[in-house]
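The values are calculated or read from the model by the stated rules, or taken from the named source; none is laboratory data. Predicted, not measured: the structure shown is a model, and the values here were computed from it. Neighbour counts are summed over all protein chains in view; Cβ atoms, including those assigned to glycine, are modelled from backbone coordinates with ideal geometry. Heavy atoms of the whole protein, side chains included, go into the accessibility calculation; ligands, DNA and RNA do not. Shrake-Rupley method; radii C 1.70, N 1.55, O 1.52, S 1.80 Å.
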Amino acid sequence: MSYQINEELLRFRPKMAQDKVIFNDFNLWYGEKHALIDINIAVKSNIVTAFMGPSGCGKSSLLRGINRMNDIIPVARSTGEVLIDGKNIMGSGINVYDLRKRVGMVFQRPNPFPMSIYDNIAYAPLLHDVAEEEELDKIVENSLRGAALWDEVKDRLDDSAFSLSGGQQQRLCIARALSINPDIILMDEPCSALDPIATIKIEALMRELKEKYTVVLVTHNLQQAARVSEMTAFMYIGEIIEFGATRDIFENPREELTEKYITGRFG
Amino acid sequence: MNPVSREKIMKRLLLIAVALSLIILPVILIWVGYNGSGIISIEFLTSRPRLFEYGGIYPQIMGSVYLVSLCTLFGAPLGIASAIYLAEYAPDNRITQSVRFFTETLAGMPSIVIGLFGLEFLVFYLQLKTSLLAGAISLSFMMLPWTIRASEEAIKTVPQEYRAASLALGATKWQTIVNVVIPAAMPGILTGVLLGVGKAVGETAVVWLTAGSGLEAFVPRSLSSPTGSLPMYIYLLATQAHTVEGVQRAYGASLVLLIMFLGVSVSALMARNYYLRRLGN
């Protein structure tokens, strides 16, 4: 199996980027199940980082560690630190709602609210009182432009979000995440429910977004990781097996397990 | 008998069963309409009852409207609030399960028992007297379980993805409930409330014991006024009238009650469709 790693990704070296999110001895349990084991990695700023691995390896749990969405699962508990810009978000005195304003999230299936396109984007700015009514139109436009959706919907902002196609809905969800101007965007298998053409658009968008944001992507699609991410973490049963530049992971894996997974001789 | 002909026979039997059950409803409607429409006039609708079986039913119509409105005012917020707690906050344990079981039981509770409780507790013990207030509160006991059940169901069927999306945008749980979950559950909640209102509109035993005798000649002027209602009026005239005029008035009042009930149902349907359209379905 061969992978098409694009030029820009080939040139990337981890040294070139600054640390944005650092996991220090991070562990997570769901009840008795030890879902994440001694995670120690640094996600770099302004690149796309992919977490990949087979189902149940913990990649989504790790992603949700960055905006503490694991908190909403009653049986989940964790130890260790997660630092964003040097500050431990697991520490006391951290307001989880402020944290989530800074860390946007896009989910596996497009999940726009049952509201108009406009209201979907205006939801979070209104909630957090960050916008005067007059600025709202501008925020909606900028967010939709940021998600490469503006030209397709600018004449139908009052239509229901459900009138959009699946791929457009997912871009709307990306725009919604951009509406409160986060620094990090988490994407949890954002293309798994989309067709190939919509997938290409979202992948192109990820490459654009990383200019302004730190993008973390969960994917089980190896080709996708090779196409869009500067760095890749390969996970297996709750552990990071290997983490490094995507080029090294795909062309020169250090671990046998990684190599087996990359070459499809897994399981 | 071979399976094929048994199939045919069973299909026919089932068709007969459905025809029998469906024919009852129009028969009742036509029957009441036929017997009741003759008496309906502006005078009948706007004057007060006289000499037991003469006069109009204005105080009864208004009494029913007051009772049901007030009952909804108490029952709907309380029921929706309970449903929100049960669906969103209550831990999934024995206590919650018992509360749920209790609510379902309450929905099937014979109304005469609720009426008796209203009489003993509200009318006598709390000294609310036989009144609009006592009647409306007792009726809201009838309404609550229906409202809670349907609303809880509606809230629970709101996709988890909406909640996750809202929380991930930094909303608190309460903000998520108010801004996303409740609007999305609105069609179901409305259905629940109006199901409860429908129960209250036609309820006889409860108002009999707690609100008034039925033949009140005045529209209630305060919460403590005894209050007549259409179901009570119908009950009294149907069982105790000696003249054709009396029976006719029972039918006339039944027709008005039916129209009120249909009004509630139709507005429920319209409100539901309005919200469904707004939600983009």
Using only Cα atoms, tell me the angle between helix A:166-178 and the longest principal axis of chain A; keep it within 0 to 90° and round to the nearest 10.
90
Could you give the nm distance between label points at B:Val4 and A:Lys154, where each point is 7 Å from its Cα heading toward the beta carbon?
6.7
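Whole-Å semi-axes of the range A:142-253's equivalent ellipsoid, largest first, each the root of 5 times a Cα gyration tensor eigenvalue?
Values: eigenvalues 167, 41, 28 Å².
Over the Cα atoms of the range A:142-253, the ellipsoid semi-axes are 29, 14, 12 Å.
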Sort all Cα-Cα distances of the range B:39-278 into consecutive 10 angstrom bins from zero, then give the percent of pairs in each bin up to the one containing the longest distance.
8, 28, 29, 20, 10, 4, 1, 0
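If you average over every viewing direction, what projected area does the convex hull of the Cα atoms of the range B:1-117 give, in nm²? Walk me through the numbers before you get to the answer.
On the way: hull surface 60.4 nm².
Computed as one quarter of the Cα hull surface, the answer is 15.1 nm².
For n ≥ 4 DSSP H runs only, could you compute -39500 (n - 2.57) per run for the protein assembly as shown, divide by its residues and tell me the 222 nm figure to the nearest 500?
One gets -17000 deg cm²/dmol as the mean residue ellipticity at 222 nm.
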Need the C-alpha centroid separation for the range B:233-281 versus the range B:64-112, integer Å.
24
How do B:71-78, A:129-136 rank on mean C-beta neighbours within 10 Å, highest first?
B:71-78, A:129-136
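Before anything else, pin down the relative contact order of chain B: Cα pairs under 8 Å, at least 6 apart, normalised by residue count, whole percent.
Details: 407 pairs, mean separation 75.2, N = 281.
The value is 27 percent.
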Which whole-Hz ³J(HN,Hα) couplings does the range B:3-8 yield from phi under the Karplus relation 6.51 cos²θ - 1.76 cosθ + 1.60, θ = phi - 60°, glycine and proline marked x?
x, 5, 6, 5, 4, 4
In the range A:169-267, the trypsin sites (Lys or Arg not before Pro) that fall in loop regions by DSSP, at most 10 other Cβ within 10 Å
A:Arg265
Sorted list, accessible surface of protein heavy atoms, 1.4 Å probe, largest first, for B:Glu203, B:Glu245 is B:Glu245, B:Glu203
Taking Cα atoms, how many degrees apart are the long axis of helix A:117-127 and the longest axis of chain A, rounded to 10 and kept between 0 and 90?
80
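Note down the relative contact order for the range B:1-148 as a percent, whole number, built from C-alpha pairs under 8 angstrom at least six residues apart. Write out the running numbers ahead of the final one.
Working: 91 pairs, mean separation 37.0, N = 148.
In percent, rounded to a whole number, it is 25.
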Rg and Dmax [Cα atoms of the range A:1-154; Å; Rg one decimal, Dmax integer]
18.4, 53
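With solvent modelled as a 1.4 Å probe, how much accessible area in total do chains A and B shield from it at their shared surface, in Å² to the nearest 100? Spell out each step's value before the answer.
Details: alone 12620 and 15880 Å², together 26730 Å².
Looking at A and B, the buried total is near 1800 Å².
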By how many degrees, 0 to 90 and rounded to 10, does the Cα axis of helix B:94-107 deviate from the longest principal axis of chain B?
30
Distance between the C-alpha centers of the range B:15-34 and the range B:136-193? Whole Å please.
35
Put +1 on the Cβ of each Lys and Arg and -1 on the Cβ of each Asp and Glu in the range B:1-75; which of B:Ser5, B:Leu45, B:Gly33 then has its Cα farthest toward the positive end of the dipole?
B:Ser5
How high is the FRET efficiency from B:Met270 to A:Asp19, r the C-beta distance, R0 51 Å, rounded to 0.05?
0.30
If the cut-off is a Cα-Cα distance under 26 Å, which lysines reach B:Lys199, setting aside same-chain residues fewer than 8 apart in sequence?
B:Lys129, B:Lys156
As an exercise, identify the GluC sites (Glu not before Pro) in the range B:1-95 lying in DSSP coil whose Cβ has no more than 14 other Cβ atoms within 10 Å.
none
For the protein assembly as shown, what does the convex hull of the Cα positions come to per residue, in cubic angstrom?
250
On a straight-distance basis, which aspartates and glutamates could pair with A:Lys44 in a cross-link, Cα separation under 17 angstrom, same-chain partners fewer than 8 positions away excluded?
A:Glu8, A:Asp19, A:Glu81, A:Asp85, A:Asp183, A:Glu208, A:Glu211, A:Glu230, A:Glu242, A:Asp248
Just to verify a number: FRET efficiency for A:Asn6 and B:Arg278, C-beta to C-beta distance, R0 = 51 Å, to 0.05?
0.70
Two-site FRET efficiency, B:Val99 against A:Arg254, from Cβ-Cβ distance with R₀ of 60 Å, rounded to 0.05
0.60
Ranking request for peptides B:231-244, A:138-151: highest mean number of other beta-carbon atoms within 10 Å first, then the rest in descending order.
A:138-151, B:231-244
If you build a Gaussian network model of chain A, linking Cα atoms that sit under 10 Å apart, which residue out of A:Leu28, A:Leu186, A:Leu217 swings the most?
A:Leu28
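For B:Ala217 and B:Leu13 in the same chain, what is the full-extension length gain: residue separation times 0.36 nm, less their Cα-Cα distance, in nm?
Numbers: separation 204, 0.36 × 204 = 73.44 nm, distance 5.14 nm.
Difference between extended and current length: 68.3 nm.
Which whole-number percent gives the relative contact order of the range A:7-262, counting Cα pairs below 8 Å spaced six or more residues apart? Intermediate results must be reported in sequence, preceding the final value.
Working: 487 pairs, mean separation 72.4, N = 256.
Worked out over the range A:7-262, it gives 28 percent.
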Residue among A:Phe113, A:Ser78, A:Leu99 farthest towards the positive dipole end of chain A, charges placed on Cβ
A:Ser78
